[in-house]
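Peer 1: Got a structure for you, questions after.
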């Protein structure tokens, strides 16, 4: 029986997930399809679940990683429960009824991607942005025994603002992770407003954005001699973790 999986978010534009899973299904001779659900409000989720009866799982992206929680029956305590943010939904169906379980694969995707690049000198990190993705990055850095600090455009409790990034902070926080959508195609001339002149070869700049392959944030870091990496491998690792979750047997 044909199965369906998909991505819910707004706007979606270029979808890594659709391309990845469509190729996976074709190469693996899997009777399944992957559909983008670009909806302007998360209130449309129940209608999608109820009308698409072969839908078995969803990935969740901006801006619904937190908004979607109100529609779920449970959160996986080891992932989504820790973060209060969801990027994977498993749909369990039985005789016309369904349950929605929320997971988060951001941590495992991020930590497995960045860990090989870390050096003993990488002790503190700046996490640019305060959205749903930043929660996973913040926790992932802590799991890797770094000390993360969030950076926000506006003053918030526990966060620095971009204006507060002094030379001292930049010299001690040698890992910088962009969790904002700044620089994403087609807005490739945008980047986070950090003092790039303070970036050194001791720094590691990691961008969750993968399209374009090298964002302006990464370009500026590379020109200062920093190690740089985009979010493509993280997405691949997340996708495989999503597939594992969807394939696990679970009673209603």
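Every residue, every condition in (1) assigned by TED's automatic domain parsing to the domain that holds residue 121; (2) within 14 Å of residue 124 (Cα to Cα); (3) in contact with a strand residue (DSSP E or B) (Cβ under 9 Å, 6 or more places away or on another chain); (4) in contact (Cβ under 8 Å) with a residue 60 or more places away in the chain, yes or no:
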position: 148; (1), (2), (3), (4): yes, yes, yes, no
position: 154; (1), (2), (3), (4): yes, no, yes, no
position: 190; (1), (2), (3), (4): yes, no, no, no
position: 208; (1), (2), (3), (4): yes, no, yes, yes
position: 212; (1), (2), (3), (4): yes, no, no, no
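Residues checked against (1) part of a strand (DSSP E or B); (2) without any contact (Cβ under 8 Å) to a residue 60 or more places away in the chain; (3) surrounded by fewer than 21 Cβ atoms within 10 Å (Cβ to Cβ):
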site: 36; (1), (2), (3): yes, yes, yes
site: 57; (1), (2), (3): yes, no, no
site: 65; (1), (2), (3): no, no, no
site: 77; (1), (2), (3): no, yes, yes
site: 82; (1), (2), (3): no, yes, yes
site: 92; (1), (2), (3): yes, no, yes
site: 101; (1), (2), (3): yes, no, yes
site: 120; (1), (2), (3): no, yes, yes
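Peer 1: So, in the stretch 122-137, how many residues would count as being buried (at least 20 other Cβ atoms within 10 Å of the Cβ) and closer than 26 Å to residue 239 by Cβ?
Peer 2: Residues of the stretch 122-137 that are buried (at least 20 other Cβ atoms within 10 Å of the Cβ), as a first pass: 122, 125-129, 132-137.
Still in the running and closer than 26 Å to residue 239 by Cβ: 125, 127-129, 132-137.
So the count comes out to 10.
Peer 1: Moving on to the next point. Considering each residue of the stretch 210-252, count those that are within 15 Å of the chain's Cα centre (by Cα) and under 30 Å from residue 99 (Cβ atoms), and give that number. Lay out the reasoning, then the answer.
Peer 2: Our first condition is that a residue be within 15 Å of the chain's Cα centre (by Cα); within the stretch 210-252, this holds for 210-211, 229-242.
With under 30 Å from residue 99 (Cβ atoms) added as a condition, the list becomes 234-242.
Residues flagged as within 15 Å of the chain's Cα centre (by Cα) and under 30 Å from residue 99 (Cβ atoms) within the stretch 210-252 amount to 9.
Peer 1: Go through the stretch 21-34 and give me each residue that's assigned to a helix (DSSP H, G or I) and crowded, with 17+ Cβ neighbours inside 10 Å.
Peer 2: Here is the first cut: in the stretch 21-34, the residues assigned to a helix (DSSP H, G or I) are 21-27.
Once the filter is applied, which keeps residues that are assigned to a helix (DSSP H, G or I) and crowded, with 17+ Cβ neighbours inside 10 Å, the stretch 21-34 yields only 21.
Peer 1: Residues being within 16 Å of residue 88 (Cα to Cα) and out of contact with any strand residue (DSSP E or B) (no Cβ under 8 Å at 6 or more places or on another chain): count how many of those fall in the stretch 27-58. I'd like the intermediate steps shown before the answer.
Peer 2: Filtering the stretch 27-58 for residues within 16 Å of residue 88 (Cα to Cα) gives 34-38, 42, 45-46, 48-49, 55-58.
Cutting the leftovers down to out of contact with any strand residue (DSSP E or B) (no Cβ under 8 Å at 6 or more places or on another chain) gives us 46.
Final tally of qualifying residues: 1.
The values are calculated or read from the model by the stated rules, or taken from the named source; none is laboratory data. Note that this is a predicted model, so its numbers are computed, not measured. Note that each Cβ is placed from the backbone with ideal geometry, even for glycine, and that neighbours are counted across all protein chains shown.
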